[in-house]
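What follows draws every value from the coordinates through simple rules; no lab data is involved. Bear in mind the structure is a predicted one, so any value in this text is a computation, not a measurement. Counting neighbours? That spans all protein chains shown, and the Cβs are built from the backbone with ideal geometry, glycine included.
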Amino acid sequence: MNSPVRSVLAVALGLAALISGVGAQTQTGDRRQFTTSTTLGQEASALTKLLDELHYNHDAVKSADYANVVPDFMSELDGQRLFFLGSDRTKFAAAYGRNIYYNVSFLSNIDAAYEIFYVYQQRVEARVAWIFEKLGQDFDFSAADTYRRDRKKADWPADATASDELWMRRLKFELVEEILNKKTTDEAKTVVRKRYERMLKNLGEIEGNDLAELFLTTIAKLYDPHSSYFSAATYEDFGIQMKLKLVGIGAVLGLDEDTCIVREIVPGGPADLERQLKPNDKIIAVAEKGQEPVEVVGMKLRKIVEKIRGRKGSEVHLTVQPADAADSSVRKQIVIVRDTVKLNSARARAGVFELPGATPDAPTQKLGVITLPTFYNEAEEGDTDSDRSSAHGDVAKLIELLKAQGVQGITLDLRRNGGGFLKEAIDLAGLFISKGPVVQVKNFSGEIHVDGDKDSKIAYSGPLAVLTDRFSASASEIVAGALQNYGRAIVIGDSSTHGKGTVQQVVEMRQINRSFAFSPQKTGAVKFTIQKYYLPSGASTQLKGVVPDITLPSIEDYLEIGEADLPRALIWDSIATSKFDGAPLDSKIVAPLKAASLARQEKLDEFAYLRKNVEWFKARQEQKTVSLNLDDRQRQKAADDAFRKEMKAEKERIAQGDYPFKTFYLGAPPAKKIKAAKKDSDEDEDDDDENETYLKADVHLREALRVLSDAIELGRNRERWVSNHAPLTARSGG
């Protein structure tokens, strides 16, 4: 899933973290001038041609639509519409809007990105100077002013006067936020000043290649919100996420001012096993074996990470300032052998939950939960069997573990699963059904291909529930929707899943143009939409997602996080149904399960707790503006703090009713994360939940287990069956 449009400060911070490389730059006086390398220009041209010819939505995008790249790129730089002026948009549209397609496609020219950025840089530098001047003055926090917190959809200020008025409110807003965070006015001014000093520094570190990546992604997003351009390093990171492993030292790094700091040690990684590097240690310099150390203070985090990553089995030499050193001048030399670091936090895991019987004398009921964070496949050439893991393979192993524990039903938890490999989704659905279609795929020419499970063996034929939320997307929706189509599972969760019903392909630029293969420079890749997928019933999951059989109250239903909230999302449609041996659950099954759940939602304290949180969140969401009156904000903060404290206490009380569980991992249980101590920790944060496999007072999971239990009980009465097998079970198992 794509990230939201960047906020005003995240623009500079995020851009500075992007990879640098192929774009060149020169210095003219105090102003940098970016130029486009031949290779990058060719990549830009190849990108537009590929989108024109192969993107699913290519017929809907005309050359004239490329004029939208101007305001879209401005928004990517200035997401909160604070720095540019309305007059800038008019000027840029006249200068570049009509020629972007021709310039990029035929001339390999992306100079518009640089020219727009130069103005942005000037606006930021001038505004920051203005901010520094204003911070030396007194502020009146007693007036009845307000500020619109989220300006993503607002207009840019029309002119300099309007911009000054907006920024005076913005500055008051930032100062009030800091004062509410227990700072004096002078301390708040210092914090805000440092914030904009960092922004200037990050702005100065942006390179031409950063802008090229952002600009070309803006072009790709004309076609749909899931298409983008990857620089070489971004493409490498994308591969790591899909394969769940990288070669490095096994440490999560961050920046503290200008210094690289160790935030976390990954369990089982080289740094953890060698026990030399510790959280909060500062990395001062990095060197390869036999080479001179390179100081990394002041260097962008992306570049530091690149230096620390490397070939498996090679040594990396770190110069470290230990966190526990009394003298800040102390340095320690550490040598770590790079190795494969598996990101096990994204791997499937399972638990056996014990639900109390219907009466005090009744035995407890064992129910299994399989949590799948993503649809991954780690298999690579040269891997041994022990190295390989895949989503469907891991789930199959967990099913066997759960069956050995004697579970009477299983819940497949796909919450916050944003998708992954399509084939993994198909194979995973096949674990629960006999042979049959799982997904129908249509390309831009209208050709339809049906793909499904070809193995009649069923790994698990017992009662099944699927738990989803608004973050369940793509491959998750295929699995949930297919199992719902077959009547194989009851789907429980938010009002709908995300609604991403499209298929993307990632193509390296070297595969598009042979000349790239001989380039000494690393080239990037393009991710673009090539197909749309449909459920066996013929319904698309695009925009509408999968609607659960039983809906639970959720804050996520009030967040703009669905496909329908993304710009230029493709439309919903349907095709003919495929032939499959199944049908959605009969109302005779769904109705009693839904009625029982609704009764609990009305009666149980945990749902009252959930609804209170939802209503409070809705009220805050509806507040489009916030007061700049300090007294008003302090009263609101006191009320909010009291509410959070009340909800935290209520959560702890509800958590006492959590069902006992035993966790199952594939391999040795992961060690507890070794993390750096937090600064200024918020007492309302649930830090004790971070390393828990299952969170406290997980109301949705608790209710999914109860629904599954109801279904099992329903299945004991053959008169309630609507076919030759119990509800939520498969017709036959292997």
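Which net charge results for the neighbourhood of residue 144, defined as the other residues with beta-carbon distances under 13 angstrom from its beta-carbon, given Lys and Arg at +1 and Asp and Glu at -1?
Numbers: positive: 169, 172, 633; negative: 140, 145, 631, 632.
Residues close to residue 144 contribute a combined charge of -1.
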Difference of contour (0.36 nm per residue) and Cα-Cα distance, residue 443 to residue 530: 30.7 nm
Segment 396-448: trypsin sites (Lys or Arg not before Pro) in DSSP loop, at most 15 other beta carbons within 10 Å: 435
Modelled FRET efficiency - R0 51 Å, residue 511 with residue 324, Cβ distances, 0.05 increments: 0.55
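Compute the length gained on full extension between residue 615 and residue 648: take 0.36 nm times their separation in residues and subtract their Cα-Cα distance, giving the result in nm to one decimal.
Between residue 615 and residue 648, full extension yields an extra 10.3 nm.
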Residues with amide H under 5 Å from that of residue 349, placed H, sequence gap 5 or more: 371
Among 166, 109, 85 - extreme Cα towards positive end, dipole of segment 8-223, charges at beta-carbon: 166
Within segment 94-205: Cβ-based charge dipole about Cα centre, in debye rounded to nearest 20 (Lys, Arg +1; Asp, Glu -1): 380
Per-residue HN-Hα couplings for segment 198-210 [Karplus 6.51, -1.76, 1.60; θ = phi - 60°; Hz; x = Gly/Pro]: 5, 5, 4, 4, 5, 4, x, 8, 5, 10, x, 5, 4
Net charge contributed by nearby residues that have their C-beta within less than 15 Å of residue 401 (K/R +1, D/E -1): +4
222 nm mean residue ellipticity, helices alone, for the chain (DSSP H n ≥ 4; -39,500 (n - 2.57); rounded to 500): -12000 deg cm²/dmol
Unit charges at the beta carbon, dipole of segment 245-342: most positive-side option, 313, 323, 297: 313
Nearest-20 debye value, the chain charge dipole, Cβ charges on Lys, Arg, Asp, Glu: 800
The chain: C-alpha pair distances exceeding 43 Å, %: 33
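GluC sites (Glu not before Pro) within segment 407-496: which are DSSP loop residues with at most 10 other Cβ atoms inside 10 Å?
On the way: sites: 424, 447, 477; in loops: 447.
Filter output for segment 407-496: 447.
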In Å, descending, principal axis extents of the Cα set of segment 159-286: 55, 45, 25
Net charge contributed by nearby residues that have their C-beta within less than 15 Å of residue 56 (K/R +1, D/E -1): -1
Top positive-direction residue, dipole computed over the chain with Cβ charges, set 206, 341, 539: 539
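Using 0.36 nm per residue of separation minus the Cα-Cα distance, give me the extension gain between residue 263 and residue 731 in nm, one decimal.
163.4 nm
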Rg/Rh (Cα only; Kirkwood hydrodynamic radius) as it applies to segment 8-223: 1.02
GluC sites (Glu not before Pro) restricted to segment 501-576 and DSSP loop, no more than 14 other C-beta within 10 Å: 560
